[in-house]
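Asker: My structure is below; once you've seen it, I'll send some questions.
Values quoted throughout were computed directly from the atomic coordinates according to the rules given, and no laboratory measurement underlies them. Predicted model, so just to flag it, every value in this text is computed and none were measured. When we count neighbours, we look across all protein chains shown, and the Cβ atoms used for this are built from the backbone with ideal geometry, even at glycine.
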Amino acid sequence: MQFIDLAAQYQHLKIKIDKRIQTVLEHGQYIMGPEVQEFEQKLAEYVGVKHAITCANGTDALTLSLMALGIGKGDAVFCPTFTFFATAETVSFEGATPIFVDSNPDTFNICPDDLEKRIVDVLAEGSLQPKAIIAVDLFGLPANYPALEALAEKYNLKLIEDAAQGFGGHINGQKAGSFGDIATTSFFPAKPLGCYGDGGAIFTDCDEYAELIKSYRVHGKGKDKYDNVRIGMNSRLDTIQAAILLEKLAEFPVELENRNDAANRYTLQLKNTFKTPVVPDGYGSSWAQYTLQSDERVRAMADYKAQGIPTVIYYGRCMHEQTAFVDLGYQAGDFPIAEKLARSVFSLPMHGYL
Ligand SMILES: *Cc1c(COP(=O)(O)O)cnc(C)c1O
């Protein structure tokens, strides 16, 4: 069996997707064609926000958000150390300093108590200005936004939701992609809502941020792309990818239910053998990954492999353990929970056609 079966999804949607692609080939508006606008509207409706702005990938979505918030040199941006590299990479890319935070051992997400300690430390140290928090909806489960929003308000920080994995999750019905000042997602093929290449989106209720992001994604455009009022980038979603995503978004609620059914069956069967993932009351996960914890991970993964079941480790190395961040000066033991997770997690096959 496959870890993520993209072919099964394509077979299921083939007639609709082929037709959508053919339409784009016929009208020929490959960049910012009508499907892009149609998809942005449907996306905003699904998430329940005023603005959904598509871009080239989930990493650019984070970069564009940081640009809109005016974050740069001398600023501290807090993010989990147990995440995918892009979360922290974009902070450094913008010239700001990522400040890593430990995780909650049950939800895998950023720990609000540790976050407050790190904010207080940065304030006491005095060389960096605390500016923003990037929370990640790791493996599909929204982070603890009630607690994070309270801390953002208390310390006057902007809050970005990295919903690259969280798209489809919710807290008491409020959808992932709608938390914080700005939220981002990715349409990388393996994400809960993926396209057939790279893609991403940014969500916000704020008109001012939306206008800035639309400008930054097309060379800092003013009236048009030949009137350049700020330094931006070239980061658009291809029309063909938007066409594919329109059909995938229409099918997404069914797939999400299938993912939840699969996760519930996994938990029922495995809860006495491994530490199974915890979904707090009122929360819903999109199950980007179904992730177990075991002190005997090597043996467990070998057992699955022997039965033809692929498993993958997300993530075997925390951000503070990455070579690229050596200069930040963190040490082994600085994030005990995240380090333990990195040594004990592994994920089982998960997709909407399991
Ligand atoms: C995948 C991912 C990204 C980056 O998305 P790309 O589309 O691959 O650039 C950012 N953050 C998290 C948490 C991710 O999982």
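Asker: What does the charge count around Lys221 come to, taking other residues whose C-beta lies under 15 Å from its C-beta (Lys +1, Arg +1, Asp -1, Glu -1)?
Answerer: With Lys, Arg at +1 and Asp, Glu at -1, the net is +3.
Asker: With +1 on each Lys and Arg Cβ and -1 on each Asp and Glu Cβ, and nothing else charged, work out how big the dipole of segment 253-348 is about its Cα centre, in Debye to the nearest 20.
Answerer: 320
Asker: GNM, the chain, Cα, under 10 Å: largest mean-square fluctuation among Ile53, Ile31, Ile110?
Answerer: Among Ile53, Ile31, Ile110, the largest GNM mean-square fluctuation belongs to Ile31.
Asker: Another one. Can you tell me the Rg and the Dmax, both Å, for the Cα atoms in the chain?
Answerer: 20.1, 62
Asker: Same structure again: For the chain, with the dipole built from +1 on Lys and Arg beta-carbon atoms and -1 on Asp and Glu ones, taken about the Cα centre, which of Ala263, Pro310, Ser344 lies farthest toward the positive end?
Answerer: Looking along the dipole axis, the top candidate is Pro310.
Asker: Can you compute the helix-only [θ] at 222 nm over the chain? Use -39500 (n - 2.57) per DSSP H run of at least 4 residues, normalise by all residues, nearest 500 deg cm²/dmol.
Answerer: Mean residue ellipticity, 222 nm, calculated: -13000 deg cm²/dmol.
Asker: Please identify the trypsin sites (Lys or Arg not before Pro) of segment 60-128 that satisfy two criteria: DSSP loop assignment and at most 11 other Cβ atoms within 10 Å. Which are they?
Answerer: Hits after loop and neighbour filter: Lys73.
Asker: Which residue, Gly197, Gly70, Gly126, has the most motion in a Gaussian network model of the chain that connects Cα atoms within less than 10 Å?
Answerer: In this elastic network of the chain, the residue with the biggest mean-square fluctuation among Gly197, Gly70, Gly126 is Gly126.
Asker: For the chain, set up a Gaussian network in which alpha carbons nearer than 10 Å are linked by springs, and say which option among Lys305, Lys175, Lys221 fluctuates the most.
Answerer: Lys305
Asker: Would you mind giving the average projected area, over all directions, of the Cα convex hull of segment 253-348 in nm² with one decimal?
Answerer: 8.2
Asker: For the chain, give the magnitude of the charge dipole about the Cα centre (Cβ charges: +1 Lys/Arg, -1 Asp/Glu; no others), in debye to the nearest 20. Provide the component values of the computation, followed by the final result.
Answerer: Working: 32 positive and 45 negative charges, 135 e Å.
Once rounded to the nearest 20, the dipole reads 640 debye.
Asker: Follow-up question, since we're still on this one. Which net charge results for the neighbourhood of Ile202, defined as the other residues with beta-carbon distances under 13 angstrom from its beta-carbon, given Lys and Arg at +1 and Asp and Glu at -1?
Answerer: -3
Asker: Report, as a whole number in µm² per second, the diffusion coefficient that Stokes-Einstein gives for segment 130-244 at 4 °C and 1.567 mPa s using the Kirkwood radius over alpha carbon pairs.
Answerer: 85
Asker: Can you list the HN-Hα couplings for segment 172-180, worked out from phi with the Karplus curve (6.51, -1.76, 1.60; θ = phi - 60°), rounded to whole Hz and with x for Gly and Pro?
Answerer: Going residue by residue, I get 6, x, 7, 6, 4, x, 10, 9, x Hz, with x marking Gly and Pro.
Asker: What do you get for trypsin sites (Lys or Arg not before Pro) in segment 1-62 restricted to DSSP loop and a cutoff of at most 14 other Cβ within 10 Å of the site's Cβ?
Answerer: Answer by residue number: Lys50.
Asker: I'd like to know how segment 242-302 sits against the 2.2 N^0.38 Å rule of thumb: what's its Cα Rg over that expected value?
Answerer: Values: Rg = 14.9 Å, N = 61, 2.2 N^0.38 = 10.5 Å.
Compared with the compact-globule rule of thumb, segment 242-302 sits at 1.42.
Asker: Are there any GluC sites (Glu not before Pro) in segment 253-302 that are in a DSSP loop and have at most 12 other Cβ atoms within 10 Å? List them by number.
Answerer: Working: sites: Glu255, Glu257, Glu296; in loops: Glu296.
Here the sparse-neighbourhood loop sites are Glu296.
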